[in-house]
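Everything on this sheet refers to the single structure shown next.
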């Protein structure tokens with residue numbers, strides 16, 4: 001099985017071109033493939049698997065699986081790499097693409113390097129944030145109105161109270177602002193918040209230190225993957241939560257462990273994300289499943 005390894009700001013996935021006839025019918029167990037190919041000791045090694053597929057309503061469709069095999073709605077860093085693959089490999093010869101995801105059809109604008117002719121940066125319209133508890137989703141525990149928002153609410157985990165903001169960018173996010181993110185125990189608190197009873201479908205967790213009104217530093221605990229070097233939907237959620245809570249401006253630079261993303265919470269409501277998309281290598285994987 002041929003694959004391409006790519007990353008967006010260090011958030012790395014294995015990508016498989018599924019434009020061949022009957023691909024989805026042939027690959028009947030993508031969850032098992034995701035687990036095996038993502039293993040950093042016995043597989044290729046990645047945060048997950050992304051399939052690049054034909055679409056009836058867009059230039060392409062992406063399916064995204066975490067390293068534990070669970071399927072997620074979408075991934076902002078992965079989406080940028082899908083767009084790069086589509087353009088660089090001639091599946092679509094235009095610099096604005098529509099890509100179908102489980103979170104909807106998203107528009108991406110490509111920034112192509114003049115010398116190589118390959119995509120270097122991608123700007124994604126991440127769409128409208130979903131702020132209501134039922135849209136995230138959250139339960140009605142602790143007296144929360146499902147038709148209300150969850151901005152700057154108290155979340156109790158073990159014996160500690162966190163001030164958090166929860167929203168969806170097509171997938172669920174819990175943003176936690178901390179004083180010193182570099183030394184914060186992400187690997188301890190991340191899984192506890194991810195699996196908190198308040199979040200029936202689990203949740204991605206962003207731990208964020210505000211450096212200034214237009215600059216933040218983020219670490220991410222991703223649902224089904226653990227700590228990753230970057231998360232595009234998470235960075236978008238941070239942009240929204242920071243602005244709505246008065247901690248940041250609408251436009252911010254977000255320092256993630258794998259690189260820098262630029263985010264803008266447009267007055268019209270959408271979140272715009274710009275960042276790199278990088279191909280690392282190509283190869284063949286000896287998949288024995290279906």
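Values quoted throughout were computed directly from the atomic coordinates according to the rules given, and no laboratory measurement underlies them. In this text the structure is predicted, and so the values were computed from the model without any measurement. Note that we place each Cβ from the backbone using ideal geometry, even for glycine, and neighbour counts take in every protein chain shown.
Dividing the mean sequence gap of close Cα pairs (under 8 Å, 6+ apart) by how many residues the stretch 133-269 holds gives a relative contact order of 19 percent. Dividing the mean sequence gap of close Cα pairs (under 8 Å, 6+ apart) by how many residues the chain holds gives a relative contact order of 21 percent. Ellipsoid semi-axes for the stretch 1-43, based on the Cα gyration tensor and the rule √(5λ), read 20, 14, 8 Å when sorted largest first.
Here the contact order of the stretch 204-275, divided by its residue count and restricted to Cα pairs under 8 Å and six or more residues apart, works out to 27 percent.
Put simply, when 268-274, 20-26 are sorted by average Cβ atoms within 10 angstrom per residue, most first, you get 268-274, 20-26.
When you work out D = kT/(6 pi eta Rh) for the stretch 248-290 at 10 °C and 1.306 mPa s, using the Kirkwood radius from C-alpha pairs as Rh and the Stokes-Einstein form, the result is 117 µm²/s. Computed extension length for residue 135-residue 112: 4.7 nm, one decimal, from 0.36 nm per residue of separation with the Cα-Cα distance subtracted. Of interest is the spacing of the C-alpha centroids, which for the stretch 108-132 and the stretch 25-83 amounts to 19 Å.
Projection of the Cα convex hull of the stretch 133-269, averaged over all directions and equal to a quarter of that hull's surface, yields 7.6 nm². Taking 15 Å as the cut-off, the amide N atoms of the stretch 265-283 that come nearer than this to a point 7 Å along the Cα-to-beta-carbon line of residue 120 belong to 275-279. The helix-based estimate of mean residue ellipticity at 222 nm for the chain, built from -39,500 (n - 2.57) per DSSP H run of four or more residues and divided by its residue count, is -5000 deg cm²/dmol to the nearest 500.
In units of the compact-protein estimate 2.2 N^0.38 Å, the chain shows a Cα radius of gyration of 0.97.
How far is helix 232-244 tilted, in degrees, relative to the longest principal axis of the Cα atoms in the chain, given as a value from 0 to 90 rounded to the nearest 10? It works out to around 30 degrees. Test of understanding: extend the Cα→C-beta vector of residue 288 to 7 Å, then name every residue of the stretch 37-54 with backbone N under 15 Å from that spot. Answer for the stretch 37-54: 37, 42-43.
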